[in-house]
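Comments concern the structure below.
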2 protein chains.
Amino acid sequence: MIGGSIGLAVRKRKVAGEVIGVFRRPSTMRKALKARAVSRGTLDIKEGVRRADLIVIATPVGLIPETVLRAARFAKKGAIITDAGSTKAWIVEKVEKKIGTSASAHFVGSHPMAGSEQAGVESARVDLLNGSPCIITKTAKTDRLALKKVSRFWSALGAKVKIMSPKEHDRSVSLVSHLPHIVAFALAGAVPAGELECAAEGFRDTTRIASSDPGLWADIFTTNRKEIAKAAKLFDLYYRDIVKAIKSSRRADVVRLLAKAKSKRDKLAYGEK
Amino acid sequence: MIGGSIGLAVRKRKVAGEVIGVFRRPSTMRKALKARAVSRGTLDIKEGVRRADLIVIATPVGLIPETVLRAARFAKKGAIITDAGSTKAWIVEKVEKKIGTSASAHFVGSHPMAGSEQAGVESARVDLLNGSPCIITKTAKTDRLALKKVSRFWSALGAKVKIMSPKEHDRSVSLVSHLPHIVAFALAGAVPAGELECAAEGFRDTTRIASSDPGLWADIFTTNRKEIAKAAKLFDLYYRDIVKAIKSSRRADVVRLLAKAKSKRDKLAYGEK
């Protein structure tokens with residue numbers, strides 16, 4: 001879904017002369033070709049990456065480090081490799097430890113913060129990245145020119161690029177992305193199935209991302225568990241304060257807690273896509 | 001917003017010959033007339049209700065019981081009064097205790113489960129109720145003919161009517177409506193404002209209802225605090241299970257908890273409005 005959306009946007013905006021898709025399954029390749037998300041497709045990573053200037057790894061998080069390293073083996077000199085994974089420290093550390101300074105390709109971690117609860121190239125959208133945040137990571141080992149090129153790449157797709165360290169990234173997304181997913185999963189999981197008949201739009205919106213892929217998110221969560229533990233604690237404290245105030249009918253305290261939350265959420269509304 | 005949406009739908013579907021709006025503020029009356037949500041408007045409740053066959057109270061929850069009782073004093077014989085409040089036991093008990101068997105009007109509690117984070121007649125939508133659940137409540141004191149008429153009224157606006165006791169209603173909505181609101185408020189409240197720059201659609205959806213009116217919801221929450229305490233506990237247990245499994249990297253447990261949540265949420269998707 002994210003890989004397909006990148007392919008569609010690159011082709012529409014003519015950011016590259018050619019988009020070569022490397023696939024694990026022939027069925028996915030056929031779908032991607034049909035959706036015109038890639039110019040050409042192959043099941044052979046060597047064949048797919050050897051002439052590429054930029055290689056974007058869009059596998060599930062758990063497979064990203066090994067896929068980056070495989071791509072690096074076959075990439076041409078000066079090629080740049082980036083990814084679209086939702087955690088960064090775990091990926092970047094694993095890659096930087098093994099890629100070696102002798103590698104002909106440079107790696108820069110990326111996280112285009114766009115997506116939906118849907119999976120698969122059939123859910124790809126040409127405008128997915130347009131207007132969305134995209135974090136790219138910088139470490140002591142990051143090649144400066146490669147960083148600039150990766151930044152330009154995402155900007156050309158309409159994303160709003162921010163540069164930070166992998167750790168800063170992981171902290172930030174633990175709060176604005178991973179935590180909302182945990183909360184949505186917990187809400188959908190907690191409500192007895194028999195009650196869902198009366199669920200209206202509030203419940204639907206709040207739990208929409210609980211339809212996301214469990215395996216994909218289990219990987220994202222466990223590879224960012226330290227930051228998630230801290231974010232989860234912050235939520236827990238606020239949640240308990242509200243519930244306690246309701247239980248003891250402290251109306252003024254309830255209003256204060258809700259109003260503080262609302263004022264933060266209202267500011268987001270200006271940028272509503 | 002809910003009153004205006006009812007007015008718009010009643011007029012469009014020709015469910016009543018005339019919709020008379022009773023307002024507290026002249027400015028709201030002007031807006032409602034401009035939006036054509038009412039045929040006529042008045043600031044005088046007596047004048048507004050005296051010839052009405054059906055009276056719908058759409059004030060904030062805290063004002064509903066006293067407004068029902070005032071309307072009952074001026075209503076004609078055989079008139080039916082209902083409401084649009086998000087809690088029911090608190091409202092229905094207060095009304096039934098005081099309305100007396102000698103009242104010429106009958107009261108039936110209703111909760112059209114539609115709305116949004118927006119407030120005010122300018123946010124009213126003619127299709128708001130169409131396809132939405134609407135719970136109406138039945139007690140030992142409920143007049144059977146009045147119940148039938150109120151049921152027919154909401155059905156005529158396109159709502160899917162369910163009849164239950166006020167207590168059953170409060171339990172049900174504590175889970176599918178009040179709990180999601182608390183969770184959304186807690187999430188928006190917990191995340192530091194400085195992080196919101198990177199918030200993408202997941203965060204936006206999950207916190208959309210945190211833009212709801214704090215005073216309105218403080219009333220709803222505190223008038224349903226017993227059921228909310230139970231619902232809050234259910235959420236808390238599921239949330240803690242997920243967080244604990246993430247912290248200790250028990251991937252299989254994380255997947256199982258997320259998959260159970262996803263399977264429930266996926267079933268809702270068929271009815272997505």
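Derivation of every value follows stated rules applied to the coordinates shown; laboratory data play no part. Small disclaimer: the values here were computed from a predicted structure and weren't measured. We place every Cβ from the backbone using ideal geometry, glycine too, and count neighbours over all the protein chains shown.
Data table
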read-out: Relative exposure of B:Trp217, A:Trp154, judged by other C-beta atoms within 10 Å (fewest first); value: B:Trp217, A:Trp154
read-out: Built amide H within the under 5 Å cut-off of B:Gly41, gap 5+; value: B:Gly21
read-out: Segment B:170-269 shape via C-alpha gyration tensor axes, a/c threshold 1.5; value: oblate
read-out: Cα gyration tensor of chain A - equivalent ellipsoid semi-axes, whole Å, descending; value: 37, 21, 17
read-out: Cut-off 19 Å (backbone N to label point 7 Å along Cα→Cβ of A:Lys167), residues of segment A:71-95; value: A:87-95
read-out: Karplus-derived 3J(HN,Hα), 6.51/-1.76/1.60, for each residue of segment A:105-122, Hz, glycine and proline x; value: 9, 9, 10, 10, x, 9, 9, x, 8, 8, x, 7, 6, 8, 10, x, 5, 5
read-out: Near-label residues of segment A:213-235 by backbone N, under 14 Å of a point 7 Å along Cα→Cβ of A:Lys94; value: A:216-225
read-out: Length gained when the stretch B:Leu216-B:Lys148 is fully extended (0.36 nm per residue, less Cα-Cα span); value: 21.6 nm
read-out: Long-range amide H partners of A:Leu54 with built H, under 5 Å; value: A:Ile80
read-out: Radius, Kirkwood style, for segment B:93-134 when every pair of distinct Cα atoms is counted (Å); value: 13.1 Å
read-out: Shape of segment B:113-193, Cα gyration tensor, a/c cut at 1.5; value: oblate
read-out: Residue-averaged beta-carbon neighbours from other chains (10 angstrom radius) around B:161-173; value: 1
read-out: Share antiparallel - DSSP beta bridges, chain B, percent rounded to 5; value: 15 percent
read-out: Rounded to 5, the percent of DSSP beta bridges in the protein assembly as shown classed as antiparallel; value: 15 percent
read-out: Burial ordering of A:Phe23, B:Phe185, B:Phe203, B:Phe74, fewest other beta-carbon atoms within 10 Å first; value: B:Phe74, A:Phe23, B:Phe203, B:Phe185
read-out: Label-point gap, in nm, between A:Leu237 and A:Ser249 - each point 7 angstrom along Cα→Cβ; value: 3.0 nm
read-out: Assigned charges on the beta-carbon of Lys, Arg, Asp, Glu; segment A:170-269 dipole about Cα centre (debye); value: 720 debye
read-out: Cα gyration tensor category, rounded, prolate or oblate, for the protein assembly as shown with a/c compared to 1.5; value: prolate
read-out: Estimated distance in nm for a label pair at A:Ala140 and B:Asp266, the labels positioned 7 Å out from Cα along Cα-to-Cβ; value: 4.6 nm
read-out: Cut-off under 5 Å, modelled amide H: who pairs with B:Cys134 long-range; value: B:Met113, B:Lys160, B:Val161, B:Lys162
read-out: Computed E for A:Lys226/B:Ser155 - FRET, C-beta separation, R0 60 angstrom, nearest 0.05; value: 0.65
read-out: Options B:Thr142, B:Ala159, B:Ala245, ranked by Cα towards positive dipole end of chain B, top entry (Cβ charges); value: B:Thr142
read-out: Cα centroid of segment B:70-120 to Cα centroid of segment B:124-139, whole Å; value: 15 Å
read-out: Peptide A:120-133, shielding by other chains (average Cβ, 10 Å cutoff); value: 1
read-out: Kirkwood hydrodynamic radius over Cα pairs of segment A:27-72, then Stokes diffusion coefficient at 4 °C and 1.567 mPa s, in µm²/s; value: 111 µm²/s
read-out: Simple spin-label estimate for B:Gln118 and A:Lys34 in nanometres, 7 Å along Cα-Cβ; value: 3.8 nm
